[in-house]
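Here the structure is laid out as structure tokens; the discussion comes afterwards.
Read-outs: derived from the displayed coordinates by stated rules, not from any lab. Model, not experiment: these values are computed from the prediction. Please note: Cβ atoms are built from the backbone with ideal geometry, for glycine as well, and neighbour counts cover all protein chains shown.
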Amino acid sequence: MSESRLREIADQWIEALGGPIYHIAGSLSGSGHLPVEGSDLDIWIAIESDIGLARFPGIKHIVEHDGNFYRLLTIDGYVVDVNFRPANEINTSLVAPVYSPLSEEEGRQLAARLAVVVAAVPSIFRRKEFESALFQLDLLRIELVKLMYMNDQRVYAQQYKHFSEIFNDEQLSHILLTYPESTETWYHLRSAYQRMIENIADELRHLAGLEASAEFDTYLLVMRRVGASL
């Protein structure tokens with residue numbers, strides 16, 4: 001779909017909603033700003049009162065509705081977030097969810113859980129469950145990305161369509177290197193797992209406030225020993 005068509009769709013939404021718009025972002029907006037979440041169009045609009053859904057053009061489904069927030073799936077297949085706020089709140093309401101750092105106990109529990117998940121990997125290799133190994137690798141990649149979000153002090157999955165803008169080249173390489181060069185051989189799969197486990201251990205190590213825990217260090221050691229044993 002052309003940029004002009006995307007802009008046309010966005011303009012239809014803006015015109016239909018009415019009221020002064022004080023923030024617009026997302027790939028459909030042409031603004032160059034990233035959305036707060038993962039929508040194609042993120043609109044914040046000042047209103048005098050709740051206008052309901054009468055003005056929403058091209059709705060397919062209301063995916064979420066919480067007070068004056070609507071997440072909509074349009075007939076064109078786009079996700080549109082619409083946030084209605086009273087005009088007197090426009091200076092304070094545009095606030096992205098704030099990341100809450102892990103406590104030492106939460107960090108220990110996270111490291112323990114991931115150590116258990118990683119410790120289960122060798123049995124998949126011993127049983128030659130190739131498809132299971134591919135599936136588990138995908139699950140671990142999600143855990144790796146969650147850790148990357150934590151280390152950047154971001155709420156997980158915010159702006160997930162914009163990794164190239166929220167992560168640096170080194171971080172992106174950590175993701176790319178966890179994909180096996182071939183999904184047909186155990187050799188390439190083993191190498192991808194070893195990179196994955198090392199990256200997860202590194203991300204855990206860098207989480208603020210967790211370096212001093214001896215028990216935490218033990219979990220990291222277990223992970224690295226598992227990676228070396230594959």
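In nm², what is the average projected area of the convex hull enclosing the Cα atoms of segment 104-229? List each step's numbers first, then the result.
Working: hull surface 30.5 nm².
Reported value for the Cα convex hull: 7.6 nm².
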| message | Counting other beta carbons within 10 Å of each residue's own, what order do 102, 189, 41 fall into, fewest first? | response | 102, 189, 41
| note | Answer in debye to the nearest 20: the dipole magnitude of segment 120-230 about its Cα centre, from +1 Lys/Arg and -1 Asp/Glu charges placed on Cβ, is 360 debye
| request: Using only the Cα atoms of segment 119-183, build the gyration tensor, take square roots of its eigenvalues as a ≥ b ≥ c, and label the shape rounded, prolate or oblate: rounded if a/c is under 1.5, else prolate if a/b is larger than b/c, else oblate. | output: prolate
| Out of residues 5 or more away from residue 23 or on other chains, whose amide H comes under 5 Å of its own, with H placed 1.01 Å from N in the peptide plane? | 44
| Taking the Cα-to-Cβ direction at residue 126 and at residue 138 and moving 7 Å from each Cα, how far apart do the two end points lie in nm? | 2.6 nm
| remark: The answer for residue 99, listing residues at least 5 apart or on another chain whose modeled amide H is closer than 5 Å to its amide H, is 155
